[in-house]
Amino acid sequence: MTLDYETALLMNGKEVAANIWSALKSCFEGKGLTAVAMLASKLWQYHIQTENDMSVQIQDMKNIALKLSSLGYSLSNEYQAMVVLQALPTDRNTIQSIILNTSGPFTLQGTIDALLEHETTLWQQHDNVLMVHHDRKSRSPTPPNVVHQAPNRLICSNCKIPGHSINTCHFEGGGAEGQTLKKKSQGQTSEIEAGRRIMLTG
């Protein structure tokens, strides 16, 4: 560790540690007030974001309080707890009121524990809602406009019409393209006509 020239001059001729400290204090006392003001402002203007990890944000606030303490401005346990509560967003007013109206000592650690427990409960409820929604969706009945095909019913890979294969398909790209259609039953004819309409509009 080195001292700059001006600081070294302050200690020149001082032999007792108390004298050295007195000289340093008289020179630098009050110079840290700007830092204190900035830290205090940052602490009081802190806004906890619920989409981020709350424990990390609270630790950040505790670190600011620790820096203030190192500059000679210690904050009480209760004061730090109040700062954390005022940093909560408005949608956490309920847990804020519960903590403030709880009987017993009002401490920083108690406040943090209550907040983190509340956040864990909210996330669990959110996950349960998602699971129930997904479960209902997977068990929902098939929409009425969806037609079930018989499992062994042949479906043409060319025109997508059931009842024949691509080898015997009369549509463009099929094996029987351009050939005269044989007489079909009423059901098969309607399927082919439906396929033609789909291919024309597709």
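The values are calculated or read from the model by the stated rules, or taken from the named source; none is laboratory data. This is a predicted model, so every value here is computed, not measured. Cβ placement follows ideal geometry from the backbone for every residue including glycine, while neighbour counts extend to all protein chains displayed.
Conditions: (1) modelled with pLDDT of 80 or more; (2) surrounded by 12 or more Cβ atoms within 10 Å (Cβ to Cβ); (3) more than 25 Å from GLU51 (Cα to Cα); (4) among the small types (Gly, Ala, Ser). SER76 meets all but one. Number of the miss?
(2)
Every residue in segment 140-182 that is modelled with pLDDT of 65 or more and exposed (fewer than 10 other Cβ atoms within 10 Å of the Cβ), please.
Listed by number, the residues that qualify are ARG153, GLY178, THR180.
On the basis of being modelled with pLDDT of 90 or more, surrounded by 14 or more Cβ atoms within 10 Å (Cβ to Cβ), of a type in the set (Gly, Ala, Ser) and on the phi < 0 side of the Ramachandran plot, does ALA40 make the cut?
yes
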